[in-house]
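Colleague: Following this message is one structure expressed as C-alpha cells.
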Ligand SMILES: Nc1ncnc2c1ncn2[C@@H]1O[C@H](COP(=O)(O)OP(=O)(O)OP(=O)(O)O)[C@@H](O)[C@H]1O
Ligand SMILES: [Mg+2]
C-alpha cells in the first residue's frame, strides 16, 4: 500500500509536468484554432536557449530572460510568417504546418545552441524529502514536488490572467467568436502574437523543469507526445481539462508501468517494459469511447 | 502546341472515362513504363537500384497508401510506418510458418494483415475526427512497434525483434540481384498504382472524397460514414503493408521494429504534402523529392562549406536536412497546398497553349 | 398542370428539438402530401433549417415522431433517408469542394451503384458498365440544369449562383421522391431566381417530386407553393394555402415584428 501510494504520488507529480506542456497546446488552440504540434519542439528550443546562453557565461536569470525574448520573438515570427498565411486553410493543413515548424526548430535550435545533451541546474536537487521518508518511508522527490508547485502557480496565474485582464478576456472572446473579439478593439493579430508569446513562456517553464530533471537534449521534444493523450482526455479547449488530464495520465501511466508488465509476463512470458510509450494513448482512446468531447469539452453538433 | 486536347473529341462517355482520357497522357505513361521496365534495367548500376530506385518505389507505394487515407478520404494518419512494420513482419511469418507458400501470396497476406490492423485502428474514426483521430493513429504507431518488439513470437525469438527476410523465389527463380529486385518491386508497384487510380476515379473514390470534403453532406446523400472510412483505412493499410514487406524483402533484407519509427511516418506524410494530397502522381513525385533531397544536401552542403571555408560536421548536415524539410513543408502548405502534382498540371496547361501565352 | 396532389407521405408529429438550453423547435406538427410543393417560412432563427434537418435525420429531435410512407420512427438516419428517396440541398452550400461538377453530381447516384471496391480497383465489367449507365443519367441532369459548359470545372471555382445549381443537380441525380430545399434562391439575382423557380416547378411538374421548400422571398413562396407552414421562435404559428397564411394575423405580426 505504501509502495502504491509512492507510485501514485510521483505519478501525479509528473502528471503536473505533462499538464504544463498540454497547457501550451490549449492556449494556442483556444485562441487561434491551431493544433500546435511544435509545442514539444518549443520546449526543446526554450531549454536549449537557456543552457546555450549560460554556456557563454551568463547567469541563470539572464539566460532565462534571453530565452524568454527568444521564445516571444519566435512566436511572433511564427504567427506572422506561417500561420497568418494559412488563415483560410482547413485546420488539418495548419496542423501539418506545425509539424513542419517542429522540424524547423529541431533542425535550427541545435545548430545555434549546440546539440550535445547538457545538464541544467536551476538550484533544486532531485533527492527524497527527508521528512516524508522518515515519517512514512515513502520516496517523494523534492524536485518533483517543487516542479509541481511551480507548474501549479503558473497554471493558476494563467487562469487568473484569462479571467481578470482585458487581454485575457479578449483571448477568451477570440476563442468563442472572432467577430466579437474584434469589437473589443484589439487586433486579432496582436492577440495571436500574445498567445504565441504566452505559449512560448509556458514552453520555457516546461523546458527548464524537464531539462533540469532529464537533461537538456533532443528527447525534450517528446514531451509533446506525452501531452497529446492529456489533451484527448481533457479536451483541446479546457485549461482545467489539461490539468486533470495530466494528473490522470501521470498517475495511471506510472501505476501501469509498475503493475502491468508483471501481469503480462505471467500471461505471455518475456519482458514487457516500456509500455509508457503507448499506454497513455490507449487510455485516452478508452476515454474517447465514453466521452468523445473530452472531460470538460462541450458536446457539439455540426451546424448545417 | 505539343500538348493539346483540342481536336480530340470524345464521342462517347466511355472514351471520356478512360484511365487517361488525354492521348498525350496515355502515350506519356506508356513511354514511362517502357523506360522503367525496358531501359533502366539495362543502363542503371547497382548503386542506383539499391540506394535510389528500389527505396523510391517502395516509399512511393507507402505514400500512395497514406494518400488514399489522408489525401482522398481526409483522415490524417501519423502511423503509416507502423503499418509497414505489420506488413514486413507478417510477410516474414507467412514465409516462416506456412510451408511452401509462394512469396507473392505472402506479400498479399502481409497487405491483408496490415489492412485488418488498419481497420481496428480506424474504428475510432466512428466517433472522433480531425486532430483527435490523428492522435489515435499515434497510438497505432507506438503500440504496434512495441508489440513487435516485446512479443518474441513475431520475430521468431530473435534478439530485440530483428528479422532477416527470406529469399525471394518466384516460380523457382530467385530474385537475388538488385536489378531483379527492382523489376519485381516495379511490377508490384505498377499494378497497385493502376488499381489505386481505378479506385479513386470510381464511386469508391468519390465516396472517400465526399467524406473528406463535407461529411454531413456525404451522409445526407446516402454514404455511410463508418464503412467508407474503414475501407479507406483498410486499403491504405494494405498498400503500406505491402510496401513494408517489400521494404524488408527487397530493400533492407533485415529489419527491426524500431526502424519503423514515428520519424518514418512523418517522412511519408511529408511525401504526400510535398507531392500533392489527393494525387496518385503526387505520391511518386513526393517520394522522389523526400528521398533525393538528403542525398543532394549530402553532396552540396560540404561543397558549399568548403567554398566558404566554414567548419562542417555530419551532425550539421543532418540538422540542416531537418531544417530544410520543415521549411519546405511550411512553404508548400502556404504556397502550393496541392504540391508538386499541381505544379506539374499547371505546367501541362501552359504547354497546352504553347506557344501562345494565353 | 398534370400532377395531382396525393395522400400524406410525410407526417411530423409533435416534434421538439433542443440544443442545450436553446429550444429550436417546440411541439411542431404538420404534414406533406405527395407531389405537392410545401413551403416553410419564418423569420431568421425560427427553426426552419432545423426542421429540414429533423426530416432527413441530420438532427435528432428529443420528442415527437416522424412518419414517412407509413413507417413511424422517432428519428431518421441521414443515409437511411437518402435510400428511401429523400434528397436535399443546404442553406450554406455543402458541395464537395475538391471535386468537379460532374463528380459532385455523380455522388448523387452513389446509393444506386452496386459494384464493390474490388470491382472498381480492377475496373471489371459491372464497375465499368455502371459508371457508363449512371454517367448517362447524370448527363440528363446536367442538360436539364443547363450546366454542360462547366461539367469538368472544380466546383470551388464556380460563382455562388452556379454552385447552388450544382447542388440541386446532385440532389436531382438521386432521382428522389422528396426534395428538401433550404433557401435555394438566397443571394441570387432576379434572373437566377427565375431560372431556379423554373427548375423547381419543372421537377415538381414533370417528375412529380414532392418538394419541401424554405424561402424568404414571399413573392416566390406565394407563387409556387401549394401549402405554407409558418414558424416563429420554434413554434408553428400558421399553416395553410398561401392566401390563408397571408391573412393570418399572427403571421403578419411575426413578420412585422421581425421587420419584414
Ligand atoms: N447545430 C446547432 N447547434 C446549436 N444550436 C443550433 C444548431 N442548429 C441550429 N441551432 C439553433 O436553433 C435555432 C434555429 O435555427 P435554424 O437554423 O433552424 O433557423 P432558421 O429558421 O433556419 O434561420 P435562418 O433563416 O437564419 O436560416 C437557432 O437559435 C440556432 O442558433
Ligand atoms: Mg436556415
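The values are calculated or read from the model by the stated rules, or taken from the named source; none is laboratory data. A quick note: this is a predicted structure, and the numbers were derived from the prediction, not measured. Heads up, the Cβs are rebuilt from the backbone with ideal geometry, glycines too, and the neighbour counts pull from every protein chain shown.
Colleague: Identify, by number, the condition in (1) in contact (Cβ under 8 Å) with a residue 60 or more places away in the chain; (2) at positive phi; (3) at the interface with chain B (Cβ under 10 Å from one of its Cβ atoms) that residue A:270 doesn't meet.
Modeller: Going through the list (1) in contact (Cβ under 8 Å) with a residue 60 or more places away in the chain; (2) at positive phi; (3) at the interface with chain B (Cβ under 10 Å from one of its Cβ atoms), residue A:270 breaks only (1).
Colleague: Return the residues of the stretch C:19-46 that are in contact (Cβ under 8 Å) with a residue 60 or more places away in the chain, touching a helix residue (DSSP H, G or I) at 6+ places or on another chain (Cβ under 9 Å) and within 16 Å of ligand 2 (Cβ to nearest atom); say none if nothing qualifies.
Modeller: C:24, C:25, C:28, C:39, C:40, C:41, C:42, C:43, C:46
Colleague: Suppose we filter A:86, A:133, A:45, A:62 for residues that are under 22 Å from the mean Cα position of the chain (by Cα) and either farther than 30 Å from residue A:187 by Cα or at pLDDT 85 or above (or both); which single one remains?
Modeller: On the way: A:86 fails: under 22 Å from the mean Cα position of the chain (by Cα); A:133 fails: under 22 Å from the mean Cα position of the chain (by Cα); A:62 fails: under 22 Å from the mean Cα position of the chain (by Cα).
Of A:86, A:133, A:45, A:62, the one residue that is under 22 Å from the mean Cα position of the chain (by Cα) and either farther than 30 Å from residue A:187 by Cα or at pLDDT 85 or above (or both) is A:45.
Colleague: Quick test of your reading of the structure: residue C:25 fulfils all but one of (1) under 30 Å from residue C:151 (Cα atoms); (2) not in a loop (DSSP other than H, G, I, E, B). Name the failing condition by number.
Modeller: The failed condition is (1).
Colleague: Which numbered condition trips up residue C:75, out of (1) more than 9 Å from ligand 1 (Cβ to nearest atom); (2) touching a residue at least 24 places away in the same chain (Cβ under 8 Å); (3) within 14 Å of chain B (Cβ to nearest Cβ)?
Modeller: Unmet for residue C:75, out of (1) more than 9 Å from ligand 1 (Cβ to nearest atom); (2) touching a residue at least 24 places away in the same chain (Cβ under 8 Å); (3) within 14 Å of chain B (Cβ to nearest Cβ): (2).
Colleague: Residue B:82 is checked against (1) in a helix (DSSP H, G or I); (2) farther than 21 Å from residue A:91 by Cβ; (3) more than 13 Å from chain A (Cβ to nearest Cβ) and fails just one. What number does that condition carry?
Modeller: With (1) in a helix (DSSP H, G or I); (2) farther than 21 Å from residue A:91 by Cβ; (3) more than 13 Å from chain A (Cβ to nearest Cβ) applied to residue B:82, the lone miss is (3).
Colleague: Still on this model: Within the stretch C:28-46, which residues are at pLDDT below 95 and within 12 Å of residue C:234 (Cβ to Cβ)?
Modeller: C:42, C:43, C:45, C:46
Colleague: For the stretch B:215-240, what are the residues that are facing chain C (nearest Cβ under 8 Å) and farther than 19 Å from residue C:80 by Cβ?
Modeller: B:231, B:235
Colleague: Restricting attention to the stretch C:155-174, and to residues there that are surrounded by fewer than 16 Cβ atoms within 10 Å (Cβ to Cβ) and touching a residue at least 40 places away in the same chain (Cβ under 8 Å), which single residue is farthest from the other protein chains (Cβ to nearest Cβ)?
Modeller: Taking the candidates together, the pick is C:160.
Colleague: Residue C:79 passes all but one of (1) more than 16 Å from ligand 2 (Cβ to nearest atom); (2) part of a loop (DSSP other than H, G, I, E, B); which number fails?
Modeller: The failed condition is (2).
Colleague: Moving on to the next point. Checking the condition touching a strand residue (DSSP E or B) at 6+ places or on another chain (Cβ under 8 Å), part of a strand (DSSP E or B) and either outside the structural domain of residue C:81 (by TED's automatic domain parsing) or within 16 Å of ligand 2 (Cβ to nearest atom) (or both), which residue from C:168, C:180 passes?
Modeller: Working: C:168 fails: part of a strand (DSSP E or B).
After ruling out the rest, the residue left standing is C:180.
Colleague: Any chance you could count how many residues in the stretch C:201-260 are over 21 Å from residue C:50 (Cβ atoms), within 16 Å of ligand 1 (Cβ to nearest atom) and touching a strand residue (DSSP E or B) at 6+ places or on another chain (Cβ under 7 Å)?
Modeller: The total comes to 0.
Colleague: Quick check: anything in the stretch B:291-311 surrounded by fewer than 17 Cβ atoms within 10 Å (Cβ to Cβ), in contact (Cβ under 8 Å) with a residue 60 or more places away in the chain and more than 10 Å from chain A (Cβ to nearest Cβ)?
Modeller: For the stretch B:291-311, residues surrounded by fewer than 17 Cβ atoms within 10 Å (Cβ to Cβ), in contact (Cβ under 8 Å) with a residue 60 or more places away in the chain and more than 10 Å from chain A (Cβ to nearest Cβ): present.
Colleague: Among the numbered criteria (1) surrounded by 22 or more Cβ atoms within 10 Å (Cβ to Cβ); (2) modelled with pLDDT of 90 or more; (3) not in a loop (DSSP other than H, G, I, E, B), which single criterion is violated by residue B:125?
Modeller: (2)
Colleague: Which members of the stretch C:104-121 meet the condition of being at the interface with chain B (Cβ under 7 Å from one of its Cβ atoms) and farther than 21 Å from residue C:199 by Cα?
Modeller: C:110, C:111, C:113, C:117, C:120, C:121
Colleague: Return the total of residues in the stretch C:175-200 being more than 14 Å from every other protein chain (Cβ to nearest Cβ) and more than 16 Å from ligand 1 (Cβ to nearest atom).
Modeller: Looking only at that region, the number is 12.
Colleague: Moving on. Somewhere in the stretch A:68-76, is a residue part of a helix (DSSP H, G or I), within 13 Å of the chain's Cα centre (by Cα) and touching a residue at least 60 places away in the same chain (Cβ under 8 Å)?
Modeller: Applying the first criterion (part of a helix (DSSP H, G or I)) to the stretch A:68-76 yields A:68-76.
From the residues that got through so far, the ones that are within 13 Å of the chain's Cα centre (by Cα) too are none.
No: the stretch A:68-76 contains no residue that is part of a helix (DSSP H, G or I), within 13 Å of the chain's Cα centre (by Cα) and touching a residue at least 60 places away in the same chain (Cβ under 8 Å).
Colleague: Continuing with this model, one more query. Of all residues in the stretch B:128-172 being part of a strand (DSSP E or B) and in contact with a helix residue (DSSP H, G or I) (Cβ under 8 Å, 6 or more places away or on another chain), which is nearest to the other protein chains (Cβ to nearest Cβ)?
Modeller: The initial filter retains those residues of the stretch B:128-172 that are part of a strand (DSSP E or B), namely B:163-164, B:169-170.
Imposing the further condition that a residue be in contact with a helix residue (DSSP H, G or I) (Cβ under 8 Å, 6 or more places away or on another chain) reduces the set to B:163, B:169-170.
Details: B:163: 16, B:169: 27, B:170: 22 Å.
Ranking the qualifying residues of the stretch B:128-172, first place goes to B:163.
Colleague: Within the stretch A:280-301, can one find any residue that is in contact with a strand residue (DSSP E or B) (Cβ under 7 Å, 6 or more places away or on another chain), more than 29 Å from residue A:145 (Cα to Cα) and either part of a loop (DSSP other than H, G, I, E, B) or modelled with pLDDT of 85 or more (or both)?
Modeller: yes
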